[in-house]
1. Within segment 1-17, track down each residue that is assigned to a loop (DSSP other than H, G, I, E, B) and in contact (Cβ under 8 Å) with a residue 60 or more places away in the chain.
2. Go through segment 2-27 and give me each residue that's over 16 Å from the mean Cα position of the chain (by Cα), surrounded by fewer than 24 Cβ atoms within 10 Å (Cβ to Cβ) and on the phi < 0 side of the Ramachandran plot.
3. So how many residues does segment 269-303 have that are within 16 Å of the ligand (Cβ to nearest atom) and more than 18 Å from Lys168 (Cβ to Cβ)?
4. Can you pull out every residue in segment 204-238 that is touching an Asp or Glu at 6+ places or on another chain (Cβ under 8 Å), within 16 Å of the ligand (Cβ to nearest atom) and under 19 Å from Gly14 (Cα atoms)?
5. For the structure I just gave you, tell me whether Lys168 is in contact (Cβ under 8 Å) with a residue 24 or more places away in the chain, more than 10 Å from the ligand (Cβ to nearest atom) and assigned to a helix (DSSP H, G or I).
6. Go over the candidates Arg59, Arg20, Arg25 one by one and state the one that is in a loop (DSSP other than H, G, I, E, B), over 21 Å from Asp184 (Cβ atoms) and not β-branched (Val, Ile, Thr).
7. Pull out all pairs, ordered by first then second residue, where Cβ-Cβ is under 8 Å, the residues are six or more apart or on different chains, the first lies in segment 125-147 and is at positive phi and modelled with pLDDT of 95 or more, and the second is outside any loop (DSSP other than H, G, I, E, B) and hydroxyl-bearing (Ser, Thr, Tyr).
8. Out of all the residues in segment 171-181, is one or more within 14 Å of the chain's Cα centre (by Cα), away from the ligand (no atom under 15 Å from the Cβ), within 23 Å of Leu13 (Cβ to Cβ) and aliphatic (A, V, I, L, M)?
Amino acid sequence: MARVLLTGAAGFLGSHLCDRLLAERHQLTGIDNLSTGSLENLSHLESHPDFRFVTHDVRDPIDLGTFDIVMNFACPASPPTYQLDPVGTARTCFQGTLNSLEVARRDGARFMQASTSEVYGDPTVHPQPETYRGTVNPIGPRACYDEGKRVGETLCFDYHRQYGLEMKVIRIFNTYGPRMNPDDGRVVSNFVVQALLGHDITIFGEGEQTRSFCFVDDLVDGIMRMLNSQSGFTGPVNLGNPEEFTIRELAEIVIEMTGSQSRIVYRPLPTDDPRQRRPTIDMAQQELKWSPSVRLREGLSRTIEYFDNVLSRRSAA
Ligand code: UDP
C-alpha cells in the first residue's frame with residue numbers, strides 16, 4: 001500500500017487509473033482543475049475510504065501531504081481542447097510537470113510522467129520506435145501540447161540525472177473507451193456520438209490518415225506494469241495498440257456497428273495533423289510483458305454502449 005498522488009484524476013485516463021490504484025489498495029489523492037475532467041467520472045468513489053479528491057490546478061505549487069508515488073496525468077489531450085488556451089496548455093505541460101516533479105523530489109517518491117505519441121509529431125519513420133526523435137513543428141498550433149510534452153520528458157530525465165529521482169516516462173498512443181468526454185472533439189467520441197445521433201460523420205481531410213486505437217483497460221494495465229517495473233527502467237516506453245486503421249475505416253466500422261443512417265462528410269484537415277501513427281511495442285513486450293488484447297470492434301462496442309447511456313441521460317434531462 002503506497003500513498004499516491006495522481007494529477008488529472010478526473011479525466012478520462014485519470015479516473016480509470018483511480019479505480020485501478022484503489023483496487024490495488026493504495027491510498028490515493030487525486031487532483032484536477034476540472035477544466036476538461038469531470039467529477040462525474042469519480043462520483044462512484046465519493047465515499048471510498050482510501051480516496052481524497054482535491055480541486056487543484058497543477059500549474060500552482062502542490063502541498064497536499066507526503067507521497068510514495070507521484071503520477072502526472074494532468075493536461076487537456078484533445079487537439080481542439082488544448083488549442084483553446086495554448087499558452088495555458090504549454091504552462092500545464094511545463095509548470096505542471098515541474099510542480100509534480102518537485103513533490104516527488106521532496107518526498108523521494110517514484111515519479112511517472114504521462115507523455116504522448118505526439119512527441120513524434122508528423123512522423124517520417126513508421127511505425128514509431130522509442131528511439132525515433134520525431135518531427136514536431138515547434139511553431140504550429142499543436143506545438144503547445146507536443147513541445148510541452150517533449151519538455152516534460154526533458155524535465156523528468158534532468159530530475160533523474162541531476163537529483164537521482166526515480167522516474168518512468170510512458171508515451172501514450174490514441175486511447176478510447178468509456179468516460180471519454182463526448183464533447184472534446186476526439187475522433188472516436190465524435191464518430192460514435194455523431195453516429196448515435198444520426199448526425200453527419202465528420203472526416204477531416206480525405207480520411208487516409210491513420211491512427212492505432214488502444215482500449216483504455218489495456219492501457220491502464222500497461223501503465224500499472226510500468227509503474228511496478230524495476231527501479232532502473234525509466235523508458236520512455238510506447239504504450240498503444242499497434243493495429244492501425246485509416247480514419248475512413250474507423251468511420252465505416254462505427255457506422256456499421258451502430259447501424260446508423262449517418263452520412264460521411266469531409267472537412268478540412270487541421271494544420272500539422274499527423275498522417276500516420278502506429279507504435280512499435282517491442283520494448284513494452286520485452287520489459288513489461290505487456291501487449292494489448294482488446295480488438296477495435298470489442299472496445300468500440302463497450303464505448304458505443306457507454307455513449308448510448310450518456311446520450312439517453314442527456315435527452316432525459
Ligand atoms: N478527426 C476526424 N474527424 C473528427 C475528429 C478527428 O477526421 O471529427 C481526425 C483528426 O484530424 C486526426 C484523427 O482523426 O487525423 C485523430 O484525431 P484525434 O483528435 O482523436 O487525435 P490525434 O491523434 O490527432 O491527437
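The values are calculated or read from the model by the stated rules, or taken from the named source; none is laboratory data. A quick note: this is a predicted structure, and the numbers were derived from the prediction, not measured. Every residue, glycine as well, gets a Cβ built from its backbone with ideal geometry; the counts of neighbours run over all protein chains shown.
1. So in segment 1-17, the residues assigned to a loop (DSSP other than H, G, I, E, B) come out as 1-2, 8-11.
Correct list: Ala2, Gly8, Ala9, Gly11.
2. Quick first cut of segment 2-27, residues over 16 Å from the mean Cα position of the chain (by Cα) only: 2-5, 21-27.
Filter again for surrounded by fewer than 24 Cβ atoms within 10 Å (Cβ to Cβ), leaving 2-3, 22-27.
Ala2, Arg3, Leu22, Ala23, Glu24, His26, Gln27 - these are the residues of segment 2-27 that are over 16 Å from the mean Cα position of the chain (by Cα), surrounded by fewer than 24 Cβ atoms within 10 Å (Cβ to Cβ) and on the phi < 0 side of the Ramachandran plot.
3. As a first pass, look at segment 269-303 and keep what is within 16 Å of the ligand (Cβ to nearest atom): 269-279, 296, 299-300, 303.
Those still in the list that are more than 18 Å from Lys168 (Cβ to Cβ) too: 269-278, 296, 299-300, 303.
Of the residues in segment 269-303, 14 are within 16 Å of the ligand (Cβ to nearest atom) and more than 18 Å from Lys168 (Cβ to Cβ).
4. Phe213, Phe215, Asn238
5. Numbers: in contact (Cβ under 8 Å) with a residue 24 or more places away in the chain: yes; more than 10 Å from the ligand (Cβ to nearest atom): yes; assigned to a helix (DSSP H, G or I): no.
Considered against the rule, which asks whether it is in contact (Cβ under 8 Å) with a residue 24 or more places away in the chain, more than 10 Å from the ligand (Cβ to nearest atom) and assigned to a helix (DSSP H, G or I), Lys168 comes out as no.
6. Numbers: Arg59 fails: over 21 Å from Asp184 (Cβ atoms); Arg20 fails: in a loop (DSSP other than H, G, I, E, B).
Only one candidate qualifies: Arg25.
7. Final answer for the pair search is Gly134/Tyr120.
8. Scanning segment 171-181, I find no residue that is within 14 Å of the chain's Cα centre (by Cα), away from the ligand (no atom under 15 Å from the Cβ), within 23 Å of Leu13 (Cβ to Cβ) and aliphatic (A, V, I, L, M), so the answer is no.
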